[in-house]
Each structure stands twice: as structure tokens, then as C-alpha cells.
Amino acid sequence: MEWFSVRMRAAAGGSHEQGGSHISGGERLVPVDAVESMVQSLVRRAMTHELGRPDFVNVTVEVVPAEAVRSLPALPISKREAESVEQGHAVAVEILGELGISREVAELAVCSIAEGPAPNGGAMRGAIVMDADTGQRLESDSARGVRVAKIDWHPEELQAWYEDVRSIGIASERIAEALALATKVTHTPGTVAELCWSDDPGYVSGYVASAELGYVRIPILKEWGSPLGGRVFFVRGISSVEDYEEALQAPVLLRREENKR
Ligand code: PML
Ligand code: MG
Ligand code: MG
Ligand code: MG
């Protein structure tokens, strides 16, 4: 059986390459009979986004041979409490500390997302890659960052996952996608942890993910209405950021794992 990678990226004020600002993106991996509806759903996401209407939308559909696809079990999910942005940031720094990332580097990562990581301010299309020990940013294009592609839930598992987590209020496409991405990133050799919160003004939650601690959700990491969000991948011992980004393109389908709440 073949799979199809469906990717979408949308920007306003020109394409990303022309310096337009990033509005929305999506990376999915679906069976052939789901390609058309996935294209429609991602185009709808772009055209109805709360950040405004894009004037550039790029959709790519590309076949992926079945033998290239690897299965991974979803990271276990847990949650820490925070009642303000300051508390949320402190919790993120604390979790990163448990993973061996210094306070200095963790705070640098928090600031890089909070202040708008792209050189022109504003959200980045991809993620920051940060040396876990020195805090140095490694991406060659700091407006673009690195992207993760060809990632999804196994189609037979997603509905069951929604049922598993409905009672804890996290059965959303956004969280399913974030968990899939975080699982893949934290399984990629060289990754120590990921820090993420949304760039959507109406969504303030985020997480710290790692192979060691799983996907740890933090309810608030920015003020309501802020368009500043993004991702930092903390890495150690990678040979080059290009090879690391290439590994992030390997096709992966997620399977469920018993949730440890
Ligand atoms: C996004 O906007 O796509 C990122 C969402 C990250 C947080 C998801 C969660 O609530 O766990
Ligand atoms: Mg985004
Ligand atoms: Mg996203
Ligand atoms: Mg977004």
C-alpha cells in the first residue's frame, strides 16, 4: 500500500520566500482515498485562519512507498499546572532542567519563542534548532527554521485515540497533530527535548516533550491574543543541521500507547 504526504503552508503579504508572514501549516500522511479530503481540509484551515486570510497557499501531494513508513508509539501524555504565563514559563524551564538543560539555555529558548523567533519578529514557519548545552541556534535560515514532514496517526488508530482521551478533554485534531509531531521529533536521534506553544492567538497551551518524560502539557505559555508561538528542538551531538532536518522528513505513522495521566 502506498501513502501520500500532504503538506500545506500559507502566508500573507507574499509567499514565505518573498518574506510574507506565516499564517498556517500542516503536514499529514494519508492513504490514497483520503488525499482529496485532506487537501480540502488543509486548504480550509489556511483560508479560514484566525491570523487572517493568506494570499499564498502552497499544497504539495507526494507519494510515499509503504516500506519507507515506520510506526512509532505515541508519547505518554501528562499535565503540569500553571495559572499565568510566568508560571507556565517557570514550569517549562523546570521540566527542561529535569532533562539536563541548564536554566540559562531553557530561558533563552522561552525568550526566543516569546519574542518572535523570526528576524523580522513574528512567527516562524519551522522550528528553532538549539544546541542543548550552549543555547546556540543552529538553523541555517532563521526565518524558515526546520520543518517536520510526513507524519500522521495511523488511520485505524486515530478514532480510538480520540475515544481514549475524550474524558480528559484533549480529543482535538490540534493535540493529535502536536503529539504526532512531538513523538517523531523526540525519537529522532540527537533530540534531547522539544518546547512548543501555539502561534494561534486563540490558543495559549503548549508542552515540553522528551523520550524520557513524554508529552508534558502546560496550560498557559503566552497571553491570549498573542500571535507569537513556535517550537524549539534541543539537540546534542548531531553531525549537521541538514542531516538532522532530513531525518525529520522520514515517514512516520503513530500508534496509540496507554495514556499515563
Ligand atoms: C499548534 O498550534 O498546532 C501547536 C499546539 C501545541 C499544544 C497542543 C496541546 O494543547 O497539547
Ligand atoms: Mg505553525
Ligand atoms: Mg501547527
Ligand atoms: Mg498555528
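Things worth noting here:
- Residues of segment 204-251 that turn out to be of a type in the set (Val, Ile, Thr) and either part of a helix (DSSP H, G or I) or not assigned by TED's automatic domain parsing to the domain that holds Asp141 (or both), as a count: 1
- Looking at Ala106, Ala90, Ala46, just one residue is in a helix (DSSP H, G or I), of a type in the set (A, V, I, L, M, F, W, C) and more than 19 Å from Leu195 (Cα to Cα), and that residue is Ala46.
- Being within 16 Å of ligand 4 (Cβ to nearest atom), crowded, with 18+ Cβ neighbours inside 10 Å, over 30 Å from Leu213 (Cα atoms) and touching a residue at least 24 places away in the same chain (Cβ under 8 Å) is a property that His49 lacks.
- Note on segment 145-185: among residues that are under 23 Å from Ile113 (Cα atoms), assigned to a helix (DSSP H, G or I) and not aliphatic (A, V, I, L, M), the one that is farthest from ligand 2 (Cβ to nearest atom) is Thr183.
- When Arg70 is tested against (1) closer than 16 Å to Leu254 by Cβ; (2) open to solvent by less than 70 Å² (accessible area, probe 1.4 Å), only condition (2) is not met.
- If you filter segment 76-90 down to residues that are more than 19 Å from the chain's Cα centre (by Cα) and away from ligand 1 (no atom under 13 Å from the Cβ), you find that the one that is surrounded by the most Cβ atoms within 10 Å (Cβ to Cβ) is Val85.
- Evaluating Leu195 against the criteria (1) more than 21 Å from Val252 (Cβ to Cβ); (2) within 16 Å of ligand 3 (Cβ to nearest atom); (3) at pLDDT 95 or above leaves one unmet condition, (1).
- Number of the exception - Arg7 against (1) in a loop (DSSP other than H, G, I, E, B); (2) closer than 18 Å to Glu177 by Cα; (3) open to solvent by 30 Å² or more (accessible area, probe 1.4 Å): (1)
- Residues of segment 36-46 satisfying the condition of being surrounded by 12 or more Cβ atoms within 10 Å (Cβ to Cβ) and among the polar types (S, T, N, Q): Ser41
- Screening the candidates Ser78, Ser140, Ser84, Ser112 for the property of being polar (S, T, N, Q) and touching a helix residue (DSSP H, G or I) at 6+ places or on another chain (Cβ under 7 Å) yields one hit, Ser140.
- The condition (being within 14 Å of the chain's Cα centre (by Cα) and part of a helix (DSSP H, G or I)) is satisfied by just one residue among Ile113, Ile128: Ile113.
The values are calculated or read from the model by the stated rules, or taken from the named source; none is laboratory data. Remember, predicted model here, so these are calculated numbers, not experimental data. Backbone-built Cβ (ideal geometry, glycine too); neighbour counts: all protein chains shown. Surface accessibility is based on the protein's heavy atoms, side chains included, excluding ligands, DNA and RNA. Shrake-Rupley method; radii C 1.70, N 1.55, O 1.52, S 1.80 Å.
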